[in-house]
1. Please give me the summed charge of the neighbours of TYR153: other residues whose Cβ is under 11 Å from its Cβ, Lys and Arg +1, Asp and Glu -1.
2. Once you've got the GNM for the chain with C-alpha springs shorter than 10 Å, pick whichever of GLN79, GLN127, GLN52 has the biggest mean-square fluctuation.
3. Between helix 210-238 and the chain, what is the angle of the helix's C-alpha long axis to the longest principal axis, kept within 0 to 90° and rounded to the nearest 10?
4. Give me the compactness ratio for region 94-210, meaning the Cα radius of gyration over 2.2 N^0.38 Å.
5. Can you show me the helix-derived [θ] at 222 nm for the chain, built from DSSP H runs with n ≥ 4 at -39,500 (n - 2.57) apiece and divided by the number of residues, rounded to the nearest 500.
6. Across region 73-89, in residue order, what do the Karplus-derived ³J(HN,Hα) couplings come to in whole Hz, using 6.51 cos²θ - 1.76 cosθ + 1.60 with θ = phi - 60° and x for Gly and Pro?
7. In what order do LEU134, LEU192 fall by count of nearby beta-carbon atoms within 10 Å, going from fewest to most?
8. Which angle from 0 to 90°, rounded to the nearest 10, does the C-alpha axis of helix 22-45 make with the longest principal axis of the chain?
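None of the figures in this text is laboratory data; all of them are computed from the coordinates on show. Quantities reported herein were computed from a predicted structural model and do not represent experimental measurements. All Cβ positions, even for glycine, are placed from backbone atoms using ideal geometry, and neighbour counts span all protein chains on display.
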Amino acid sequence: MAVQKQYPKGYTPHIGETRQYWRDIILGVNDGLVSIFLLVVGVVSGGLDRGQVLLTAVAGAIAGAVSMASGEYLATKSQDEVLDAELALERTHIQEFRDMELEQLREFFEDMGVWEEDLDGVLAAFQENDTALLNAMAALEFGVVDSERRSPYRAMGASGLLFLLGALPSTMPFVFVTSVGMALAIATVLSLAGLFSVGVVKAYVAKTSRILSGLENMVVAGVGGLIAWGIGVAFGATVL
């Protein structure tokens, strides 16, 4: 049974192991909210009926989720492969050019503000310890810390599933409401509420203004909605 860590009063703990996935969480649900909302606005203003709008929204949601999931998987996996190759080369450098690597480590510590008189003592800890030297160089040269590396499968799942979740507010009203105008009005309210909520959650994690972050998210989507409406009207008038 895991023992919950106790923190002193007034201490704010870090987010923890989910930190590296917040990009996927926010991007996935926000992209689903924005892109499907703009898609629905555009095709409604273009004159499509309820069934056509629903088909378009569902197809867009599935296509977007697959694209997000596969893109995040390939990007994260490719990044891991590049980093693994760099670390393998770094092991060779440590074995064959240790003095050069130690000098580079000294420069990193200098840039971090370690005092000159303390550098020899700090570097002594890495003189004969290949693992410690590799880990230090991985963190300082490549920005790689094992606890911060992202699983391509988790990144894929978070992006794809949350995109689908973000698509629901713009899609579901057209399932239950027969009037296209009313369905769009409900979709607009739900989507903007979702966007505001995402902004608030993002601000909570980033410890910034929740109201401003929520409004920012809503304004960006609102402007995009107006543009999508105008394009839909123009397209419907000239092509359909």
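1. +2
2. Top of the fluctuation ranking is GLN127.
3. 50
4. After normalising by residue count via 2.2 N^0.38 Å, the value is 1.90.
5. Result for the chain, helices only: -27000 deg cm²/dmol.
6. 4, 5, 5, 5, 5, 5, 4, 4, 5, 5, 5, 4, 5, 5, 5, 4, 5
7. LEU134, LEU192
8. Approximately 20 degrees, to the nearest 10.
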